[in-house]
Amino acid sequence: MLCDTAGHAIPAGVRALLRWTRRFWTSKGKRQGARVAIEWHGHDDRGLALTNALAAVESGADRIHACGLGIGERVGQHAHRGFCSSTRRGSAGSTAI
């Protein structure tokens, strides 16, 4: 699981982190025959949680953490309704929800 627990990531940073992590674990998996699932857990301190979550999906995250009914940790994670509506329209790739 990759976390932005301080809520200061920007989309370009999320993409770079996901790409690096995916390459790292892919190279390890080739040797050991396993694939590692990558999860994204971001916070909304700067109002970028939804944008960062979509960037994580575009960059290959397997699971995205979200909050429901406005309940989240500290300042909260992105609201799942915005994420679901964005991904259903196809703007973030072909991730199953």
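The values are calculated or read from the model by the stated rules, or taken from the named source; none is laboratory data. Just so we're clear, the structure is a prediction, and the values are computed from it rather than from any experiment. Note that each Cβ is placed from the backbone with ideal geometry, even for glycine, and that neighbours are counted across all protein chains shown.
Of all residues in segment 17-56, those satisfying the criterion of being under 20 Å from Cys67 (Cα atoms) and assigned to a loop (DSSP other than H, G, I, E, B) are Ile38, His43, Asp44, Asp45, Arg46, Gly47, Leu48. Looking across segment 21-48, just one residue is buried (at least 17 other Cβ atoms within 10 Å of the Cβ) and modelled with pLDDT under 85, and that is Asp44. Might you let me know whether segment 59-68 holds any residue that is in contact with a helix residue (DSSP H, G or I) (Cβ under 7 Å, 6 or more places away or on another chain), hydroxyl-bearing (Ser, Thr, Tyr) and at pLDDT 85 or above? Yes, segment 59-68 contains at least one residue that is in contact with a helix residue (DSSP H, G or I) (Cβ under 7 Å, 6 or more places away or on another chain), hydroxyl-bearing (Ser, Thr, Tyr) and at pLDDT 85 or above.
Output yes when any residue across segment 69-91 is at pLDDT 90 or above, in a loop (DSSP other than H, G, I, E, B) and among the aliphatic types (A, V, I, L, M), and no when none is. No - not one qualifying residue is present in segment 69-91. Pairing each residue of segment 1-16 that is part of a loop (DSSP other than H, G, I, E, B) with any residue that is not charged (D, E, K, R), provided the two are 6+ apart or on different chains, yields C-beta distances under 6 Å for Met1/His41; Gly7/His43; Ala9/Asn52.
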